[in-house]
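The values are calculated or read from the model by the stated rules, or taken from the named source; none is laboratory data. Keep in mind the model is a prediction, meaning the values are calculated, not measured. Glycine gets a Cβ as well: all are built from the backbone with ideal geometry, and neighbour counts include every protein chain shown. The accessibility values were calculated without ligands, DNA or RNA, using every heavy atom of the protein model including side chains. Shrake-Rupley method; radii C 1.70, N 1.55, O 1.52, S 1.80 Å.
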Amino acid sequence: MTEKFNGPEQGSMYDKVFKENMEGTLPDIIKDVLHLHIVKSEEIADDVQHTKERKPDLLKRVEDDQGKVFILHIEYQRDNEKNMAFRMAEYSIMLQRKYGLPVTQFVIYIGAGKPNMPMRIRNKYLHFWYNLLTFSEIDYQVFLNSDKIEQKMLAILGDLQIEDTEMILQQIVHEIENKGIGELEQGRYLKQLRVLMQLRNLEKTSIKNMALTGKIFVEEKDILYIRGEINGEHKKALDVAQELKNEGCSSSFIAKITKLSIQEIEAI
């Protein structure tokens, strides 16, 4: 069974992927997913978090093709959060107070299944709502047709319809291999692709094409190995994990014994 991103360590992996690629994918996300026609965008400080536990995922001061200037706020969400409407309302009020501009907000749901988070607050004193989009309902070709690797990889989270998942993965890997980038960069992209596959509950064993499996899960090309960051203790933990996996132990059990992440264990 594929492990879910429930723990903080696993959740941080998906956070890292989206934050690393956020700037590169943002123009296409705005145009093709949010359907906004932005002609100007500039960074703004995200120091509204001084009264909150979390930073906003993305904040921009933008201007559209009609000359309207507003704050664009995007949150990537993998879990259904019952208080999401209140969280977004808090951000909206703080941003409007700080910048004196209207705020347009989107929550982009990248988790499994359908989101069931409340989108509105409606009572006698407050009426608030935000936009909720679901990645799995967006045509995968919107992402796959991009000329950016960061954007192409998001195809695995889109609406795959009846298409062959392996064909889509093959196209993404082919792009990574033929982009004219070094092994370090290739390793980073392949590691990100593995994280996105787990978000979509795609296991290593679900890929029948062994050549494709070898390309995606080749340890030698993993960025951690390239950087030489795996020390002796970590290598020993990997060896123990290999033995336990050969004996048929579950990934969750191995993680408790070795303190390795589920992703590292699944990649063995």
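What about LEU169, is it assigned to a helix (DSSP H, G or I) and either farther than 16 Å from PHE217 by Cα or aromatic (Phe, Trp, Tyr) (or both)? Break it down into steps so the answer makes sense when it comes.
Numbers: assigned to a helix (DSSP H, G or I): yes; either farther than 16 Å from PHE217 by Cα or aromatic (Phe, Trp, Tyr) (or both): no.
When the stated conditions are applied, LEU169 does not pass them.
Whether any residue in the stretch 139-146 is open to solvent by 20 Å² or more (accessible area, probe 1.4 Å), of a type in the set (Ser, Thr, Tyr) and free of Cβ contacts under 8 Å to residues at least 60 places away in the same chain is what I want to check. It would help to see each step written out before you state the result.
So in the stretch 139-146, the residues open to solvent by 20 Å² or more (accessible area, probe 1.4 Å) come out as 139, 141-142, 145.
If we keep only those that are of a type in the set (Ser, Thr, Tyr) as well, we get none.
Scanning the stretch 139-146, I find no residue that is open to solvent by 20 Å² or more (accessible area, probe 1.4 Å), of a type in the set (Ser, Thr, Tyr) and free of Cβ contacts under 8 Å to residues at least 60 places away in the same chain, so the answer is no.
Can you find even one residue in the stretch 186-209 that is over 18 Å from GLU264 (Cα atoms) and either of a type outside the set (D, E, K, R) or at pLDDT below 85 (or both)?
Quick first cut of the stretch 186-209, residues over 18 Å from GLU264 (Cα atoms) only: 208-209.
Going one step further and asking which of them are either of a type outside the set (D, E, K, R) or at pLDDT below 85 (or both), we end up with 208-209.
Yes; the residues of the stretch 186-209 include at least one that is over 18 Å from GLU264 (Cα atoms) and either of a type outside the set (D, E, K, R) or at pLDDT below 85 (or both).
Would you check if ILE108 is part of a strand (DSSP E or B), in contact with a helix residue (DSSP H, G or I) (Cβ under 7 Å, 6 or more places away or on another chain), modelled with pLDDT under 95 and surrounded by 17 or more Cβ atoms within 10 Å (Cβ to Cβ)?
Values: part of a strand (DSSP E or B): yes; in contact with a helix residue (DSSP H, G or I) (Cβ under 7 Å, 6 or more places away or on another chain): yes; modelled with pLDDT under 95: yes; surrounded by 17 or more Cβ atoms within 10 Å (Cβ to Cβ): yes.
So ILE108 passes the test.
Can you name the residue in the stretch 111-129 that is of a type in the set (Lys, Arg) and not in a loop (DSSP other than H, G, I, E, B) and is also farthest from ASP32 (Cα to Cα) among such residues? Full working, then the answer.
Applying the first criterion (of a type in the set (Lys, Arg)) to the stretch 111-129 yields 114, 120, 122, 124.
So of that shortlist, the ones also not in a loop (DSSP other than H, G, I, E, B) come out as 120, 122.
Numbers: ARG120: 25, ARG122: 30 Å.
The selected residue is ARG122.
With respect to GLN161, determine if the residue is over 13 Å from the mean Cα position of the chain (by Cα), part of a helix (DSSP H, G or I), farther than 22 Å from ILE265 by Cα and polar (S, T, N, Q). It would help to see each step written out before you state the result.
Details: over 13 Å from the mean Cα position of the chain (by Cα): yes; part of a helix (DSSP H, G or I): no; farther than 22 Å from ILE265 by Cα: yes; polar (S, T, N, Q): yes.
Judged against the criteria, GLN161 is not a match.
Filter the stretch 216-257 down to residues that are open to solvent by less than 50 Å² (accessible area, probe 1.4 Å) and assigned to a loop (DSSP other than H, G, I, E, B) and give me whichever is modelled with the highest pLDDT.
Top of the filtered list is CYS249.
Please pick out the residue among ASP32, ASP79, ASP28 that is within 18 Å of the chain's Cα centre (by Cα), modelled with pLDDT under 90 and assigned to a loop (DSSP other than H, G, I, E, B). Step through it out loud before you land on a result.
On the way: ASP32 fails: assigned to a loop (DSSP other than H, G, I, E, B); ASP28 fails: assigned to a loop (DSSP other than H, G, I, E, B).
Selected residue: ASP79, the only one of ASP32, ASP79, ASP28 that is within 18 Å of the chain's Cα centre (by Cα), modelled with pLDDT under 90 and assigned to a loop (DSSP other than H, G, I, E, B).
Could you go through the stretch 36-44 and let me know if any residue there is over 23 Å from the mean Cα position of the chain (by Cα), closer than 26 Å to SER146 by Cβ and in a loop (DSSP other than H, G, I, E, B).
Looking for residues that are over 23 Å from the mean Cα position of the chain (by Cα), closer than 26 Å to SER146 by Cβ and in a loop (DSSP other than H, G, I, E, B), one finds at least one in the stretch 36-44, hence yes.
Taking the stretch 83-103, which residues are touching a residue at least 40 places away in the same chain (Cβ under 8 Å) and either among the aromatic types (Phe, Trp, Tyr) or part of a strand (DSSP E or B) (or both)?
TYR91, TYR99
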